[in-house]
Amino acid sequence: MTQANFTQLKKFFSQFPSQKYEKNTLLFKPGDKFENIYFMKSGYIRAYTKVSSGENTLNIFKPLFLISVIHHFTSARNDLYLRALTSAEVYIVPQKEFTAFLAKNPEMETIIMDFFFSSLLLYLTNQGNIINGTAINKVASVLLQIIHDYGDLKNGQLVVNFPATHRIVASLIGLTRETTSVQMSKLQKLGIISTKRNQFTVLNLEKLKDLASVIQ
């Protein structure tokens, strides 16, 4: 999705009321129905399932729009928990208004589907690397997915304003927090990334891609 397309989409959603959520607020749980279309104005939401050993966080952090669109076009049951990872604000649009918007702007439906499927294909590739790869493959793959979805080019560097804490990254790939911390430190020592509390910068994208791949 180009910046111009995203701006057009955001302009449409900004006509509607928004709802603010505090950090850690549960927005949806399995079985809940999506009666509206949701679009993030600010902040991050995580999608996860619960298993006997704890929570299984999916590798998507602004999922409200895509998941609500899926439920707009299908009758699938929601099996996910969606919780505010940070404080967040979300535009809420009635489904009939969204349908009317797509009818007047048919090109946007194609753009939305392209955005969804390109993100899904990268997700599936990265999941293969996470399942079959080493610890460094797993961490690099998750960071690539986050970069794809939220990276911004600033002063020639790829910056991601995302709270990629070691705990969050560990929950995505099934590693312990300690092991994840070791791998993140390796990436920093190799000069591939630099990190701050709620931001990380990619210093060498090609090297990160190489480390993410299980095929060397």
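The values are calculated or read from the model by the stated rules, or taken from the named source; none is laboratory data. As the structure is a computational prediction, the values presented were derived from the model and not from experiment. All Cβ positions, even for glycine, are placed from backbone atoms using ideal geometry, and neighbour counts span all protein chains on display.
Counting only residues that are exposed (fewer than 13 other Cβ atoms within 10 Å of the Cβ) and in contact with a Lys or Arg (Cβ under 7 Å, 6 or more places away or on another chain), the range 19-30 holds 2 of them. Of the helices (runs of 4 or more DSSP H) lying entirely inside the range 95-178, those carrying at least 1 residues that are within 27 Å of residue 16 (Cα to Cα) and either under 20 Å from the mean Cα position of the chain (by Cα) or free of Cβ contacts under 8 Å to residues at least 12 places away in the same chain (or both) are 95-104, 106-132, 135-150. From the list 62, 20, 41, the one residue that fits, being within 21 Å of residue 162 (Cβ to Cβ), part of a loop (DSSP other than H, G, I, E, B) and either touching a Pro at 6+ places or on another chain (Cβ under 6 Å) or not hydroxyl-bearing (Ser, Thr, Tyr) (or both), is 62. Checked against the criterion of being out of contact with any Gly (no Cβ under 7 Å at 6 or more places or on another chain), on the phi > 0 side of the Ramachandran plot and not assigned by TED's automatic domain parsing to the domain that holds residue 165, the candidates 36, 24 yield just one match: 24. If you go through the range 186-204 and keep only what is assigned to a loop (DSSP other than H, G, I, E, B), on the phi < 0 side of the Ramachandran plot and surrounded by fewer than 14 Cβ atoms within 10 Å (Cβ to Cβ), you end up with 197, 198.
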